Amino acid sequence: MEMVTGMVADSPVVIFSRTTCCMSHTIKTLISGIGANSTVYELDEASYGGQIERAVQQMGCKPSVPVVFIGQQLIGGPNQVMSLQVKNQLVPLLIRA
């Protein structure tokens, strides 16, 4: 988990993703469409991807991708992100970060 914490500390918006995951693509498109610059880690392309995936699962994220952190806070997966968007809470959260 320390690796995840360190990676998240370097950027206001971090997305752990997989290149082959349609929900990862959807979440990345949503956040970039809002105008936020996010740091994206493609776990299927990183040599340490398995370690990151296990760490986010230990944090309670199931499925393990996509996982979004905003302002070093774990937001969660696609359901949580979409819920924030529907409630008009995602944009203010991104602006604060």
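The values are calculated or read from the model by the stated rules, or taken from the named source; none is laboratory data. Keep in mind that what you see is a predicted model, and the values were worked out from it rather than measured. When we count neighbours, we look across all protein chains shown, and the Cβ atoms used for this are built from the backbone with ideal geometry, even at glycine. Remember, those area values only see protein heavy atoms, side chains included, never the ligands or the DNA or RNA. Shrake-Rupley method; radii C 1.70, N 1.55, O 1.52, S 1.80 Å.
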Testing Asn79 on (1) surrounded by fewer than 16 Cβ atoms within 10 Å (Cβ to Cβ); (2) more than 23 Å from Arg96 (Cβ to Cβ), one condition comes back false. Which one is that? (2)
Filter pass, Gln51 being closer than 13 Å to Val14 by Cβ and open to solvent by 30 Å² or more (accessible area, probe 1.4 Å): no
Which of the residues that make up the range 9-50 are more than 15 Å from Ala97 (Cβ to Cβ), assigned to a loop (DSSP other than H, G, I, E, B) and free of Cβ contacts under 8 Å to residues at least 40 places away in the same chain? Thr19, Thr20, Leu43, Asp44, Glu45, Ala46, Ser47
Some residue of the range 51-62 being over 17 Å from Ile75 (Cα atoms), free of Cβ contacts under 8 Å to residues at least 60 places away in the same chain and assigned to a loop (DSSP other than H, G, I, E, B): no
May I ask you to list the residues in the range 61-74 that are farther than 19 Å from Gly49 by Cβ and surrounded by fewer than 21 Cβ atoms within 10 Å (Cβ to Cβ)? Gly71, Gln72, Gln73
Which residue out of Ser38, Ser24 is at pLDDT 95 or above, in contact with a Lys or Arg (Cβ under 6 Å, 6 or more places away or on another chain) and surrounded by 17 or more Cβ atoms within 10 Å (Cβ to Cβ)? Ser24
